[in-house]
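Participant: Here it is: the structure, laid out below.
The values are calculated or read from the model by the stated rules, or taken from the named source; none is laboratory data. Since this is a predicted model, take the numbers as computed values, not measurements. Here the Cβ is made from the backbone with ideal geometry for all residues, glycine too, and neighbour counts use every protein chain on show.
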Amino acid sequence: MKATVSIDWCAFTVKCEPIEENGERHSSTYDDVLYIIEGILRLNREQFEPMEYGGRHGYRKGVSFNGIEIYYDGNSTTMGANVSMSGDGCRTYAQFFPMEELLQLIHEGAREGEINPTRIDVACDDHIGLLNLKRIIEVIRDRRLRSRITHRRGIFNLGGADQDEGDTVYIGSEKSEMRIRIYDKAKEQGDYEGIWNRLEMVNRRDYARAVLDALVTNGAEMGEIVAGILAERIAFIENDDVNISRCSLASWWAEFLENIRRIKLMLKEKPEMAIDRLAMYFSDELAACVCVLSEAFGDGFWKRVTDHGKTKLKRQHRTLLLGVGGLT
């Protein structure tokens, strides 16, 4: 990828054993904070100071160090403790240890069920001019954007008073678990001389976990992995075919990605969502057959089909049923 790639936000929760003190239950304590600082982050407890305003996000207390914030003592006993590292916090941490090492620790903790990654943002800084904002605006207005991002509301949104000279392009809605933001970083900085365009990939919840897994297990450099994820999710294209799926990539976008192979994120689908999708397929594709068989054989036919189906269930079917409270 022809860009400098870095982690620009990293947030995760740590499972803690709730305690009861003076008749009140607490999701986490300062001892848990010390474990996070010294055991997970491998930093010095003396670097962190209590937050003047206490906690937030449902936590009563918090400590911070140059953009690295740790919240604890949540309103619910299941909240554990929360670590939030802004862009400044990620850069602070990188002064002590590579961010890749922290991602590895978070990934290992997630596999053991002790850590839950909630947000992983990646920044791609272009100093060549390939992500020219005005050109991107024109391409999107010309409907030359192919996207696999599920929530397409707000796929083209410009900030700023002058809509032709907007500050930011968003791909995906504000509530999307993956949202791409492209903007003129030099303009934002004000005093920066030269070209500085930034593409940020904001990943929350399931997408944060999936992107983390790709970054840790893929075995390639971060820039190559991020380019592969982007290549799978969006494409700026040429209008050279009536079928949008066959249109070729815009030359500047291909150059930016350096024609990297696509990387498909492994998202863990919620059981209830998979059941709904299966029901929709059954209703859409097999409704006529269901009608014919019901009229021909009566309701007893479906009892025989269901009993026979139970003998043919595979592991993935049982996992779906267990996920929604079936086969108990």
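Participant: Can you tell me which condition D125 does not meet? The list is (1) charged (D, E, K, R); (2) in contact with a Gly (Cβ under 6 Å, 6 or more places away or on another chain); (3) farther than 25 Å from R205 by Cβ, and all the others hold.
Facilitator: Every listed condition holds for D125 apart from (2).
Participant: Which residue pairs have Cβ atoms closer than 7 Å, lie 6 or more positions apart in sequence or on different chains, and pair a first residue in the range 94-112 that is under 15 Å from E38 (Cα atoms) with a second residue that is basic (K, R) and not in a helix (DSSP H, G or I)?
Facilitator: F97/R42
Participant: Filter the range 230-246 for residues that are in contact (Cβ under 8 Å) with a residue 24 or more places away in the chain and either surrounded by fewer than 17 Cβ atoms within 10 Å (Cβ to Cβ) or of a type outside the set (A, V, I, L, M, F, W, C) (or both) and give the result.
Facilitator: E232, R233, E238, N239, I244, S245
Participant: Now for a different question. Right, G194: modelled with pLDDT of 90 or more, in a loop (DSSP other than H, G, I, E, B), within 17 Å of F256 (Cα to Cα) and not hydrophobic (A, V, I, L, M, F, W, C) or not?
Facilitator: No, not satisfied.
Participant: Looking only at the range 125-148, count every residue that is assigned to a strand (DSSP E or B) and hydrophobic (A, V, I, L, M, F, W, C) and tell me the total.
Facilitator: 1
Participant: How about the range 31-56: which of its residues are crowded, with 17+ Cβ neighbours inside 10 Å, of a type outside the set (A, V, I, L, M, F, W, C) and closer than 22 Å to F96 by Cβ?
Facilitator: D32 - this is the single residue of the range 31-56 that is crowded, with 17+ Cβ neighbours inside 10 Å, of a type outside the set (A, V, I, L, M, F, W, C) and closer than 22 Å to F96 by Cβ.
Participant: Cβ-Cβ under 8 Å, sequence separation 6+ or interchain: first residue in the range 200-213 and among the hydroxyl-bearing types (S, T, Y), partner in a strand (DSSP E or B). Which pairs?
Facilitator: Listed by first residue and then by second, the contacts come to Y207/M178.
Participant: Specify which of the listed residues (E52, E38, E69, E20) is of a type in the set (D, E, K, R) and in contact (Cβ under 8 Å) with a residue 12 or more places away in the chain.
Facilitator: Checking each option against the conditions leaves just E69.
Participant: Next up: Would you pick out the residues in the range 226-256 that are assigned to a helix (DSSP H, G or I) and of a type in the set (D, E)?
Facilitator: Answer for the range 226-256, where residues must be assigned to a helix (DSSP H, G or I) and of a type in the set (D, E): E232, E255.
Participant: Given (1) among the basic types (K, R); (2) surrounded by fewer than 17 Cβ atoms within 10 Å (Cβ to Cβ); (3) in contact with an Asp or Glu (Cβ under 9 Å, 6 or more places away or on another chain), identify the lone condition not met by K61.
Facilitator: The number of the failed condition is (2).
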